[in-house]
Amino acid sequence: MLLKNLLILFIFLLQYFNAVSQIGFPIRKAYNINFENSTAVWSIVQDLRGVLYLATGKGIYEYDGVAFNSVSQVPAYGLALDPNGDIYVSAKNDFGVLRDDDNGVVRFESLLSKVYDSIKIGVANNVLTSSSNVYCISSRYTIEYNKASGGVRFYTSGAGSSFYNGYIKNDKLWISVTGKGLYTIDNGRMKLAPYGGYFASLNKGGMNSSLTFSNDNRVLLFSPHIIRYFDSLKRPIPFYLKNYAHSSSILYNSFSLTDNYHLVTSINHGAILFDTLGNVLNYYSDSTQFPGNNFVYATTDSNHNVWLTLENYKSSVIKTEHGQDISVWNRSIGLRGGVYSIIQFDNLVYISTDQNLYSVSKDSQVTRFFKEPKSVDNLTKFYLNSKEILLAVAGGNKVVKINGSKLEHIYDGYDLSDLYASKKVTNRLYVADQDKFGYLTFQNNEWKYIKLMPLFEDTFVTEDSNGVIWLSNDERSSLLRIEFDSIDYKHVTSVHNYTEKNGMPGNFCVPVLFDNEVLFANQKEVYFFDQNTKRFEKWFKYKQILKLISQSTLIVRDSLKQEYHMISDNRLVTVDMKNAAEPKIVFKPYRRFEDVGSIRKIMIDTHGALWCSGVDGVVKYDRSKDFKDYERRFNCLIRKVTLDNDSLLFNGGLKSNDIEKVRLQLPYHFGRISIKFAAPFFDKEEETLYSYWLEGNGETWSDWTKVTLMEFANLIEGDYTFRVKAKNIYGNESAITSLSFKVSPPWYRTFWAYVAYFILFGATALLIVRFRTYSLNKKKIDLERLVESKTKKIIQSNEELIKSEHKLREIINDLKESQDKLSVKNNELQIANDNLVKTQRQLINSEKMASLGQLTSGIAHEINNPINFIYGGVQALSQVHQELLTAANYNEREIAIKRQELDELMKSITNGVTRTTSIVKGLRTVSSPNERIDMDGKVDIKECIENSLVLVRGKLLERNVTVEKNYEHRHGIRANSPQISQILINLLDNSIYALRNKNGEKKISIMTSEIGEEVLINFHDNGGGIPPEIRDHIFEPFFTSKEVGVGTGLGLSICYSIIQRHHGKISVTSSPELGTEFLISLPKGELLFS
């Protein structure tokens, strides 16, 4: 009894759910095919491979998921598939089967003409198959064809009656006869079925179609009547469709989609889907955006797609679904504008767009709120005084309450981007405005707005389980964390702004709620906010779904089913967390969704159905009513093979193994082979992808592509296998189909060609050997004669060589004697060179001594003066000393005078000694024999100049020559100090000589400076200059312009060689007006002065 009551309760709840669950439009696709201007497609059947065959009254067509192709021109009306895969055809005045030849070309083969060639059966509308027989039904005859024997038997309806339609049950035919009722045909006998006479008056006894509820429970259509028939068990009873008002419908065709879902077509009111209880579940008509109402045929394919055909419409074939699991609301049903959000409230589903607000009632009626366009967004449920109310943003700046068909104003903002009803704090609605953030609360029967802080526009709100608010703004790539006091959450205790430069990891992180925790996803990683460290840390709780969460922009939790629905990488994915250790990822059903744009919102209604809104519409998915097999295997078929686009090699065939029978051998210069392929899988077949591989011409599979035709040309001889596979929208791959073919070699690379080549090569080789033997013998004789002649010449040449050898030895002895003499001369030259170098050094020293000799008189005069000072000072000092010895009678004044005289004498002696010391120091510097160059760069050019000036001071005074000095160098030079002084003395001596006869001021200027890595010495006198004709010779040895006996001609030559040794440079400019200027540059050394 309890079980019975539970069953009744279940049926009641099922009816209730069907009554209140909104159903939108089913997914559909229309195929605009002409079919030779036929009025309709009268029958569709799917073969064992998956290919659809269509009977149009003017021919038979096939559809393989890529293209509709004509198969036969027979005027077919009925098709039937038997378990062996054979397709039987009923046509006008004919009945037969489809057969294919060795090339896969499908043709209609008449079974009737083999027995009764002249009989006219009229239009055969239907064909049915049992395990042993095939039945072809026309109004005049029912033809029984035995598949084993090929025998044919005719049944007539009798005078004044006609056959209408039938079905197969228990391996026998049940058929209606107008005016008589329902009959059976079995074992060659036609008799009235149990309660068959009951149907005689229904539609004049003509049965349109039938459905199977169970083995002993069928539904028969005698338009407009629908009858439940139980065979002999009990009397037939009428079956009524609930809420179906079209009693005048001309019912035409039917089929059972599942045990519970059934579909009936009508000529004038479309098609309907109903369940076994008679509840109408869906309509297929012009009112639900189908192209017409005159449906004449309906069937289903192996993956539960519904195929409907229309009479007298361009879109004669339509593929759709039962629509109980997936349905759509879009512009086709009147939605205007881009969809913003969805929500369920009081058994209504509200859809907001940028132009209006819509509600969908429990009977799927859509109601528009506003006559004029008005934007509505952020539909939000809010608990007010323990009662749930519905709020929204209207016009972008107003918070309103939706109360039935009215909108009640609550709050005015500027540009409201988000509403968020707090789950932690009751009576609080967070509001994100253009320039501020706060919340609304209902107090003292009025709404009050509390401002919390300034804010940027386009900011969105997320709240964690502790009441902490996260404000996200992707345009500014910032996250704002707001924390409240934990007592009443009225006071903000901390606000922190996180950016990429201030704590937020990597790119902008999108806050999402998962497992009662706010996570932050940035397309690559997932983070959580550590309350203790106040930092973002990586989240690794569920590694299996880490990537999905990292690419998520929206996550919605279904707590009843323990599931999370995510928008990850712009795709909808469901994660089943019933077994948290192994989460189950579901995505395949969502691939069926009609494109409504990027999904913005996800909602789960009270029945557990999933609603998704995109900018172009809303999709509803109820998994409990989804009975598709998403793992079903399917085929990829080679449909056509042609050579040079005109020679047909294979045309698809009828069976999966037909391609295996094909043995293609192509000539070498075949041109181009074209291979067409298709996958007869009809769930969004336009999205099916293909991959291929020509084994023998490539090493691996191609990338996935939508291309269904491949062409190959210029293939060399060899064996090839073309392999192809498909991948459907669910990511499942088909079985691989292969076509093997062989390209023959050209005639000149065949076996017999190689045999001929071998014979020809052998004969040619034999002729060549014989010819070469004869030639070699002849050449042997000629060679022997030649050898004999050459031998005589060689003997003569040998004797001449012996004579030449004696002469050559004499020449060698002479050369040896010459070499010894040259060696002696070389030694003499080396000695002479060494003497020359020694002489050069002596000459330089001599020049130095000569220069010093010329300076002797001046130096003697210079030394004599300070010595006289010293001598005079000493004499005076002796006298003062004697006076001091007798100073006993001197008074203090006289003693002070003597002490002053004594100090002056000591200063005079000291000056004389200092001058003598400087002269001797300069002389020692100049005369030093050291020739080493100081590479440390510590030589001060100023010191060299001053020493040189001391040595020529006498001459300068004698000639009344003044010297101006300007030192601007800071670095030392890498040089030999004595040699530099020698250069300066020579230049000073030459300048003094040049100024000897000058009237007026006689002046020598010496200036030092630095440029780059060099120290410069600028030496200038205002003499008469150097004549231009001798200026180029002044650095040549022994060249002088002085009188005989005055100069040696080596001074400037030695200066030039010393400067060269120092890796320096010297240049001269001269004119009668300005005098002569020498510019010397030497390598810079260490820094001496800062």
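What are the residue pairs meeting all of these: first residue in segment 701-724, first residue on the phi > 0 side of the Ramachandran plot and in the same structural domain as Phe677 (by TED's automatic domain parsing), second residue polar (S, T, N, Q) and surrounded by 11 or more Cβ atoms within 10 Å (Cβ to Cβ), Cβ atoms under 9 Å, and 6 or more apart or on different chains?
Gly718/Asn697
Checking Ser162 against (1) in contact with a Ser or Thr (Cβ under 6 Å, 6 or more places away or on another chain); (2) crowded, with 22+ Cβ neighbours inside 10 Å, only one condition comes out false. Which one?
(2)
Which condition number does Ile87 fail, the rest of (1) within 50 Å of the chain's Cα centre (by Cα); (2) free of Cβ contacts under 8 Å to residues at least 60 places away in the same chain; (3) within 21 Å of Ala40 (Cα to Cα) being met?
All conditions pass for Ile87, except number (2).
Pairs needed: first member in segment 144-171, assigned to a loop (DSSP other than H, G, I, E, B); second member anywhere, of a type in the set (Ser, Thr, Tyr); C-beta distance under 7 Å; at least 6 residues apart or different chains.
Cβ pairs passing all conditions: Lys147/Ser132; Ala148/Ser132; Ser161/Thr178; Ser162/Ser139; Ser162/Thr178; Asp171/Ser130; Asp171/Ser131.
What's the number of the condition Val376 fails, among (1) more than 18 Å from Met603 (Cα to Cα); (2) modelled with pLDDT of 90 or more?
Status for Val376: all satisfied but (1).
Only one residue in Lys371, Lys319, Lys314, Lys362 is part of a strand (DSSP E or B) and among the basic types (Lys, Arg). Which one?
Lys319
When you go through (1) out of contact with any strand residue (DSSP E or B) (no Cβ under 7 Å at 6 or more places or on another chain); (2) within 16 Å of Thr184 (Cα to Cα); (3) of a type outside the set (Val, Ile, Thr) one by one for Phe199, which number turns out not to apply?
The failed condition is (1).
Looking for whichever is at pLDDT below 95, of a type in the set (D, E, K, R) and in contact with a strand residue (DSSP E or B) (Cβ under 6 Å, 6 or more places away or on another chain) here; the options are Lys628, Lys640. Which one fits?
Of Lys628, Lys640, the one residue that is at pLDDT below 95, of a type in the set (D, E, K, R) and in contact with a strand residue (DSSP E or B) (Cβ under 6 Å, 6 or more places away or on another chain) is Lys640.
Would you check which residues across segment 595-610 are buried (at least 19 other Cβ atoms within 10 Å of the Cβ) and within 23 Å of Phe274 (Cα to Cα) and list them?
Residues satisfying the conditions are Ala609, Leu610.
Do any residues in segment 744-758 that are assigned by TED's automatic domain parsing to the domain that holds Leu664 have Cβ atoms under 9 Å from those of residues that are outside any helix (DSSP H, G or I) and aliphatic (A, V, I, L, M), where the two are at least six apart or on different chains, and which pairs are they?
That search, which allows pairs on different chains as well, returns Ser744/Leu666; Pro745/Ile716.
List pairs: first residue in segment 292-303 and of a type in the set (D, E, K, R), second residue outside any loop (DSSP other than H, G, I, E, B) anywhere in the structure, Cβ distance under 6 angstrom, at least six positions apart or on different chains.
Close Cβ pairs satisfying both conditions: Asp301/Gln46.
Which of (1) of a type outside the set (Ser, Thr, Tyr); (2) closer than 18 Å to Glu311 by Cα; (3) part of a strand (DSSP E or B) does Val71 not meet, given it meets every other one?
Single failed check for Val71: (2).
Going through segment 691-732 one residue at a time, which ones are touching a Lys or Arg at 6+ places or on another chain (Cβ under 7 Å), surrounded by 16 or more Cβ atoms within 10 Å (Cβ to Cβ) and under 30 Å from Asp595 (Cβ atoms)?
Matches in segment 691-732: Ser691, Tyr692, Thr708, Ile729, Tyr730.
Using the structure shown, decide if Val177 is β-branched (Val, Ile, Thr), closer than 25 Å to Phe213 by Cα and assigned by TED's automatic domain parsing to the domain that holds Ala80.
So Val177 fails the test.
Report whether or not Val641 is buried (at least 19 other Cβ atoms within 10 Å of the Cβ), β-branched (Val, Ile, Thr) and closer than 17 Å to Leu572 by Cα.
no
I'd like to know if segment 232-244 contains one or more residues that are closer than 28 Å to Tyr630 by Cα and out of contact with any Asp or Glu (no Cβ under 9 Å at 6 or more places or on another chain).
no
Scan Val619, Val707, Val641 and give me the residue that is assigned to a loop (DSSP other than H, G, I, E, B) and β-branched (Val, Ile, Thr).
The match here is Val707.
If Ile143 satisfies every condition in (1) under 15 Å from Ser176 (Cβ atoms); (2) of a type outside the set (D, E, K, R); (3) crowded, with 22+ Cβ neighbours inside 10 Å but one, which is the exception?
Against the list (1) under 15 Å from Ser176 (Cβ atoms); (2) of a type outside the set (D, E, K, R); (3) crowded, with 22+ Cβ neighbours inside 10 Å, Ile143 comes up short only on (1).
Among the residues of segment 500-510, is there at least one that is of a type in the set (D, E, K, R) and more than 30 Å from Lys547 (Cα to Cα)?
Among the residues of segment 500-510, not one is of a type in the set (D, E, K, R) and more than 30 Å from Lys547 (Cα to Cα), which makes the answer no.
For segment 567-587, does any single residue satisfy the condition of being crowded, with 19+ Cβ neighbours inside 10 Å and in a helix (DSSP H, G or I)?
no
Yes or no, residue by residue, for (1) in the same structural domain as Met1007 (by TED's automatic domain parsing); (2) assigned to a strand (DSSP E or B); (3) under 17 Å from Glu1014 (Cβ atoms):
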| residue | (1), (2), (3) |
| --- | --- |
| Lys938 | yes, yes, yes |
| Leu957 | yes, no, no |
| Asn960 | yes, no, no |
| Val963 | yes, yes, no |
| His969 | yes, no, yes |
| Ser981 | yes, no, no |
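Please list, ordered by residue number, the strands (runs of 3 or more DSSP E) wholly in segment 183-247 having 1 or more residues that are among the aromatic types (Phe, Trp, Tyr) and touching a Leu at 6+ places or on another chain (Cβ under 8 Å).
Filter on segment 183-247 gives 217-222, 225-229.
Applying the selection to segment 118-136, what residues are under 8 Å from Gly78 (Cβ atoms) and buried (at least 24 other Cβ atoms within 10 Å of the Cβ)?
Ala124, Val127, Cys136
The values are calculated or read from the model by the stated rules, or taken from the named source; none is laboratory data. Owing to the predicted nature of the structure, the values given are computational and were not obtained by experimental measurement. When we count neighbours, we look across all protein chains shown, and the Cβ atoms used for this are built from the backbone with ideal geometry, even at glycine.
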